[in-house]
Amino acid sequence: MSFMPVDIKKVYFEIQRLRKEVRKAERDLIISFARPPSRSVRAAGMTGHSSQAANPPMPLLKRALN
């Protein structure tokens, strides 16, 4: 059985490059889940002018305790 010679330095830098790409892809994925671009604040109904935005509904458990 014969083995091909391996350039350790080349492999090391290739691994570093791949790690950098993975970190960038993970960051982009997290950002894409954080703020959907198609849904604006106004579309979500939180403009600050509505009474619902100023007084959010009381959770059911809190209402039951009061």
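Coordinate-derived values only; no laboratory data. Everything numeric in this text was worked out from a predicted model, so none of it was measured. Cβ coordinates were reconstructed from backbone atoms using ideal geometry, including for glycine residues, and neighbour counts include every protein chain displayed.
Extension gain, ILE30-MET4: 0.36 nm per intervening residue step, less the Cα-Cα distance, totals 5.4 nm.
Taking the number of other C-beta atoms within 10 Å as the exposure measure, put SER32, SER2 in order starting with the fewest.
On the way: SER32 10, SER2 3.
Lowest count first: SER2, SER32.
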